[in-house]
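The values are calculated or read from the model by the stated rules, or taken from the named source; none is laboratory data. Just so we're clear, the structure is a prediction, and the values are computed from it rather than from any experiment. Glycine also receives a Cβ, built like all others from the backbone with ideal geometry; neighbour counts cover every protein chain displayed. Just so you know, the surface numbers come from the protein's heavy atoms only, side chains and all, with ligands and any DNA or RNA stripped out. Shrake-Rupley method; radii C 1.70, N 1.55, O 1.52, S 1.80 Å.
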Amino acid sequence: ICYAFQKGECKRGDSCRFSHIQENQGGREPGICYAFQKGECKRGDSCRFSHSQENQEGREPGICYSFQQGECKRGDSCRFSHSQNNKRGGEDSGSGMKAIVSRLQGDSGIRKPKWGKADEDEAENKEKISPEDRQKANFGLSGALNEDAKTGKMYKGIMLKWSEPPDAHMPKKKWRLYVFKKDSLLDTYHIHRQSAYLVGREKKIADILTEHVSCSKQHAVIQYRVKTTYPKEPGSIKKPKRTVQPYILDLESTNGTFLNGERIEPARYIELFEKDVIKFGESTREYVMLKEDTKH
């Protein structure tokens with residue numbers, strides 16, 4: 001369907017490669033409009049998503065991890081389930097993404113994305129990361145995304161939407177990205193052989209190809225950067241500690257990048273930690289960050 005035509009903005013006419021038919025194709029019902037559920041949709045009848053409060057086709061919603069942690073602020077308008085039981089078999093069931101991550105590492109904790117510092121050495125200290133220990137991202141809208149407009153950075157004939165920061169570095173730890181769809185493992189990416197990995201639908205340049213129509217050609221990037229951790233004790237003679245950590249950067253994609261169920265702010269680096277679950281656009285595939293030495 002041509003969304004520009006639905007808004008009355010399409011200028012291609014008969015040459016447009018998308019359908020100008022107002023009705024949904026093949027009898028399919030549209031997805032739910034999350035902006036409407038929040039009272040923020042401004043498209044009205046031209047919106048391509050459903051303004052019905054009920055779930056489509058009788059599908060049950062996924063679990064709201066924020067609700068399980070007592071942090072969900074959406075109430076009845078939340079598109080995820082606020083039931084304490086797993087919809088596919090209860091809390092004791094071995095199914096579901098949370099159970100899969102638990103089996104891969106032996107720890108069921110899933111964090112909410114926040115900016116800040118991790119523990120000084122995650123390999124030795126596995127305590128829960130507190131909000132005050134997190135490092136704020138230091139690349140905003142005027143940084144990483146706008147830099148290539150000045151440099152004209154091209155790759156394989158395509159203008160890149162981002163340039164690597166000065167502190168970009170190859171990782172020392174062997175990170176892996178496990179791709180799941182529901183409970184099935186589809187693929188595994190070894191993401192430690194270069195300093196950045198581009199995610200998107202552009203086959204010529206994407207390191208991690210996402211073919212779902214809701215994903216942008218250059219959707220997001222996983223970037224490794226050097227992070228400096230300073231001693232917390234005042235007057236300490238300890239030297240600053242430098243580690244290479246992974247970050248996720250949404251390249252102002254149309255449908256967003258989600259970290260543990262929460263949509264991240266575009267054009268800002270967000271630090272990634274082990275067991276983080278990433279989703280791109282409206283794709284149902286889930287990408288789990290784990291290290292090679294994770295206990296199975």
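Kindly provide the set of residues from segment 243-265 that are in a loop (DSSP other than H, G, I, E, B), charged (D, E, K, R) and either under 18 Å from Ser214 (Cβ atoms) or more than 26 Å from the chain's Cα centre (by Cα) (or both), ordered by number. Answer for segment 243-265, where residues must be in a loop (DSSP other than H, G, I, E, B), charged (D, E, K, R) and either under 18 Å from Ser214 (Cβ atoms) or more than 26 Å from the chain's Cα centre (by Cα) (or both): just Glu252.
Given the criteria under 30 Å from Phe49 (Cβ atoms), open to solvent by 20 Å² or more (accessible area, probe 1.4 Å), in a strand (DSSP E or B) and touching a residue at least 40 places away in the same chain (Cβ under 8 Å), does Leu186 qualify? Considered against the rule, which asks whether it is under 30 Å from Phe49 (Cβ atoms), open to solvent by 20 Å² or more (accessible area, probe 1.4 Å), in a strand (DSSP E or B) and touching a residue at least 40 places away in the same chain (Cβ under 8 Å), Leu186 comes out as yes. For segment 275-289, state whether one or more residues are over 18 Å from the mean Cα position of the chain (by Cα) and among the hydrophobic types (A, V, I, L, M, F, W, C). No, the conditions are met nowhere in segment 275-289. Scanning segment 206-242 for residues that are touching a Gly at 6+ places or on another chain (Cβ under 9 Å), among the aliphatic types (A, V, I, L, M) and either free of Cβ contacts under 8 Å to residues at least 24 places away in the same chain or in a loop (DSSP other than H, G, I, E, B) (or both) gives Ala206, Leu209, Val213. The condition of being surrounded by 12 or more Cβ atoms within 10 Å (Cβ to Cβ), modelled with pLDDT of 95 or more, closer than 27 Å to Met154 by Cβ and basic (Lys, Arg) holds for only one of Arg285, Arg201, that being Arg201.
Within segment 4-59, if we keep just the residues that are in a helix (DSSP H, G or I) and open to solvent by 100 Å² or more (accessible area, probe 1.4 Å), the residue that is modelled with the lowest pLDDT turns out to be Glu57. All conditions but one from (1) crowded, with 19+ Cβ neighbours inside 10 Å; (2) under 28 Å from Tyr3 (Cβ atoms) apply to Thr254; the one that does not is (1).
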